[in-house]
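Contents: one structure, followed by commentary.
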Amino acid sequence: MAGTGRLEYPTSIMALRVLCSSRIDPVFLLKAYLKGADGVLIGGCHPGDCHYETGNYYTRRRFMILKTIFDSLGLKSERFRLSWISASEGVKFAKVANEFTETINNIGPNDTKNNMFL
Amino acid sequence: MNKVIKIEKSTKQGLLEFLEHLLVNDKISGVLTLRKINENGICDYGFITDPKELIETAEPFAPVMPVNASQILSSLTPTTKPIAAIIKPCELRGFVERVKRAQGSLDNVLTISYTCGGVIPLNTFQSDANEKLVTDYFEVIKGTDTPDSVRPTCKACEIFIPMTADITIPIFGNNEVDSDCSLIMNSEEAVKMSKDFKCEIIESDLDSKIMAEILGKRTAEKEILFKTVSTTKEGLDDLVDTFGKCIGCHGCSRVCPICYCVLCDFESSNFDYNTDLMENELSQKHALRLPPDTIFFQLGRLNHMSFSCVGCGQCEDVCPAGIPVSTIFKKTGEDVAKIFDFVPGRDVEEVIPVMIIKEQEFPEVGE
Ligand code: SF4
Ligand code: SF4
Ligand code: SF4
Ligand code: FES
């Protein structure tokens, strides 16, 4: 919708499509983080609106687990954000994407990018 | 107050005579217990069906964990013939977590556990020179101090009282272990088993003052231990330092009671590296660490199971690279469990956090 409505969102975002937010294994997020992504934004249907009824409730719990692990290890959990954005909310998507990009710009680039260890 | 079997013998002797009675009278078919395998006191777990063998070899309270017994119980259950298992509080909690994941059953298992002083690291305990170490250990735990010789996570273990055992035995904090045996019966099952065993039955419980004193000391130790792995800056450097020594053997997950997966995701072809992938990465970086993904593996494991970590210390004990795996997993696991108000192994009916859905929670996420 953001595309067809010609709304602007940052070009630094690479969009990946999944069938439901619950398809996002936390391991995908880790891989993105360790391979240098500066941030990962997860979009999901609003609570109660998931096509599979409960997928996003699981997503929310897994997201909280990931966030807590990052906080516990002293890693920057702000690099991940979960946002309820339905398929028709192009405006909200553009707004969240812009906000998140700003947050990430403030945190700065992800150190994993240049770390040969990772 | 609970019904307690009282026997005027050493705790070990009393317990073994009770189990002998159950075996002879066909109330149980066998006992899972630690037992000595040679004169030097080296121990392993055994499933013993012969009463004589039990009396001669069992060392039910030996401060060692050759494997986390919850893994053994998964292979002994489900069973149609009742069995007894003498295991440590964290092993019992590990088994409860496994039962939730359909990796075993508590039916027909009489669980016996005790107030635990901790276990001595494997390579120290399983050496010929362990005798004095073990004697000293048992002297110290008559009081409320934890011996210095035990694993780091044992020093910091606050759940040293079994959470769901049918029978609880005071060992840590009991200065009468050599002359007195008390078997505290927490379940109907235990009471039924004790029915025609000739003994005195009294109403009693663990000494709450002593237990509180031990807990206080353990909590203080935990704070000190957790500081050793807490990070202040962007923790990535610390993480690289810590796991930089990892040889990728996956031993830590193999021995973990919670990492039960038959095919671990991280050993599956999902994460295989091939030359294309390496070339792609090398086009962005000047070098690549091999074996790859050692940090990915641990972060992934933390996401999969940390909330159920029982802090047994087995992973750290087997790590050939000396990485404080269990300290990290215990700390992070407790942080995660806390947000769901979850305690691993507290109750077999308590569903694991990733299997629960709640419409309203964590209002701060989603904006
Ligand atoms: S973690 Fe150590 S002290 Fe705690 S129950 Fe397990 S063996 Fe005993
Ligand atoms: S046991 Fe140690 S070396 Fe082996 S995979 Fe685990 S952390 Fe790495
Ligand atoms: S992660 Fe380590 S300390 Fe925790 S349950 Fe597994 S083996 Fe035990
Ligand atoms: S379909 Fe499940 S979150 Fe959108």
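A simple spin-label model places pseudo-atoms 7 Å from Cα toward Cβ; at residue B:288 and residue A:7 they are separated by 3.9 nm.
By how many degrees, 0 to 90 and rounded to 10, does the Cα axis of helix B:89-100 deviate from the longest principal axis of chain B? Rounded to the nearest ten degrees, it is 70.
Under a 1.4 angstrom probe, counting protein chains only, how are B:20, B:281, B:131 ranked by accessible area, largest first? Each step should come with its number before you reach the end.
Numbers: B:20 65, B:281 25, B:131 140 Å².
These residues rank, largest area first, as B:131, B:20, B:281.
Taking 1.306 mPa s as the viscosity and 10 °C as the temperature, the Stokes-Einstein diffusion coefficient of the stretch B:2-224 based on its alpha-carbon Kirkwood radius rounds to 90 µm²/s. Note that the stretch B:169-181 has calculated 3J(HN,Hα) couplings of 10, x, 10, 5, x, 10, 8, 10, 4, 7, 10, 9, 10 Hz, one per residue in order, obtained from phi through the Karplus relation 6.51 cos²θ - 1.76 cosθ + 1.60 (θ = phi - 60°); glycine and proline are x.
In the structure shown, the pairs A:113/B:330; B:6/B:195; B:3/B:81; B:88/B:331; B:88/B:142; B:9/B:209 are assessed against 22 Å; a Cα-Cα span above that value is assigned to A:113/B:330; B:3/B:81; B:9/B:209. Value of Rg to Rh for the stretch A:38-109, rounded to two decimals, is 1.01; Kirkwood radius and Rg both from alpha-carbon coordinates.
Tell me, what is the FRET efficiency for residue B:203 and residue B:13 to the nearest 0.05, using R0 = 22 angstrom and their Cβ-Cβ distance as r? Present the calculation step by step, with values, prior to reporting the outcome.
Numbers: r = 23 Å, r/R0 = 1.05.
Here the calculated transfer efficiency is 0.45.
Take chain B, connect every pair of alpha-carbon atoms lying under 10 Å apart with a spring to form a Gaussian network, then pick out the residue of B:206, B:122, B:288 with the largest mean-square fluctuation. With Cα springs under 10 Å in chain B, the top fluctuation among B:206, B:122, B:288 is at B:288.
Percentage of Cα-Cα pair distances in the stretch B:283-337 greater than 19 Å, rounded to whole percent?
The calculated P(r) of the stretch B:283-337 puts 35 percent of pairs beyond 19 Å.
Site pair residue B:57 and residue A:78 shows an inter-label distance of 6.1 nm when each label is modelled 7 Å from Cα along Cα→Cβ. On the beta carbon distance between residue B:39 and residue B:276, with R0 = 41 Å, the FRET formula returns roughly 0.10. Could you work out the local net charge near residue B:248, counting Lys and Arg as +1, Asp and Glu as -1, over the other residues with Cβ closer than 11 Å to its Cβ? That sum, taken over residues with Cβ under 11 Å, equals 0. For the pair residue B:101 and residue B:123, the difference between a 0.36 nm per residue extended length and the Cα-Cα distance amounts to 4.8 nm.
Find how much the distance from residue B:180 to residue B:24 grows on full extension, using 0.36 nm per residue of separation minus their present alpha carbon separation; answer in nm with one decimal. Working shown, then result.
On the way: separation 156, 0.36 × 156 = 56.16 nm, distance 2.32 nm.
Length difference between fully extended and current span is 53.8 nm.
Of all the options B:337, B:287, B:85, the one that moves most in a Gaussian network model of chain B with Cα springs shorter than 10 angstrom is B:287. Which residues does the label zone of residue B:135 cover in the stretch B:160-177, counting backbone N under 20 Å from a point 7 Å along Cα→Cβ? Residues B:175-177 fall inside that zone.
In what sequence, largest accessible area first, do A:53, B:213 appear using a 1.4 Å probe?
Numbers: A:53 135, B:213 90 Å².
Ranked list, largest accessible area first: A:53, B:213.
All other residues whose Cβ lies under 12 angstrom from that of residue B:10 are scored, Lys and Arg at +1 and Asp and Glu at -1, for a net of -3.
What percentage of the solvent-accessible surface of chain A, computed with a 1.4 Å probe over protein heavy atoms, is contributed by carbon and sulfur atoms? Walk me through the numbers on the way to the answer.
Working: 3280 of 6080 Å².
Answer for chain A: carbon and sulfur cover 54 percent of the accessible area.
Accessible surface for residue B:354 stands near 40 Å², nearest 10, in the context of the full protein assembly shown (1.4 Å probe).
Quote the total accessible area buried by chains A and B together, excluding ligands, DNA and RNA, probe 1.4 Å, nearest 100 Å². Kindly include the intermediate steps, with their values, before the conclusion.
Working: alone 8220 and 18650 Å², together 22680 Å².
Chain pair A/B: roughly 4200 Å² of buried accessible area.
Debye-formula intensities of the protein assembly as shown, expressed as log10 I(q)/I(0) at q = 0.07, 0.09, 0.13 Å⁻¹, are -0.44, -0.69, -1.20 (one equal scatterer per alpha-carbon, no solvent). Could you check what % of the DSSP bridge pairs in chain B are antiparallel, to the nearest 5? Percentage antiparallel, nearest 5: 70.
Helix A:90-107: angle to the longest alpha-carbon principal axis of chain A, degrees 0 to 90, nearest 10? The angle comes out near 10 degrees.
When the convex hull of its Cα atoms is viewed from all sides, the stretch B:229-355 shows a mean projected area of 9.2 nm². Once the 1.4 Å probe is applied to the protein heavy atoms, the protein assembly as shown comes out at 47 Å² accessible per residue.
Within the listed set B:38, B:174, B:280, the residue fluctuating most in the Gaussian network model of chain B (springs between alpha-carbon atoms under 10 angstrom) is B:280.
Counting heavy atoms of the protein chains alone, residue B:114 has an accessible area of about 10 Å² for a 1.4 Å probe. Straightening the chain between residue B:250 and residue B:187 buys 18.8 nm, computed as 0.36 nm per residue apart minus the Cα-Cα spacing. Annotation: cysteines of chain B without a disulfide-compatible partner (Cβ-Cβ under 4.7 angstrom) are B:43, B:116, B:154, B:157, B:181, B:199, B:246, B:249, B:261, B:264, B:309, B:319. Karplus-based coupling profile of the stretch B:240-256, in residue order and whole Hz: 5, 4, 5, 8, x, 8, 4, 9, x, 7, 6, x, 4, 7, 4, 8, 6, with θ = phi - 60° in 6.51 cos²θ - 1.76 cosθ + 1.60 and x standing for Gly or Pro.
To the nearest ten degrees, helix B:294-305 and the longest principal axis of the Cα atoms of chain B are 50 degrees apart. Summarising the amide proton neighbourhood of residue B:115: residues at separation of 5 or more, or on other chains, whose placed amide H is nearer than 5 Å comprise B:169, B:171, B:172.
Would you rank B:332, B:124 by solvent-accessible area, highest first, keeping every protein chain in place and using a 1.4 Å probe?
Values: B:332 0, B:124 60 Å².
Largest to smallest exposure gives the sequence B:124, B:332.
If r is the Cβ-Cβ distance from residue A:113 to residue B:348 and R0 is 56 Å, what FRET efficiency results, to the nearest 0.05? Efficiency computed from Cβ-Cβ geometry: 0.80.
The values are calculated or read from the model by the stated rules, or taken from the named source; none is laboratory data. Please read all numbers here as calculations on a predicted model, not as lab measurements. Quick reminder, even Gly has a Cβ in these numbers, built from the backbone with ideal geometry, and neighbours come from all protein chains shown. Ligands, DNA and RNA are stripped out before the accessible areas are found, and what is left, the full protein with its side chains, is counted by its heavy atoms. Shrake-Rupley method; radii C 1.70, N 1.55, O 1.52, S 1.80 Å.
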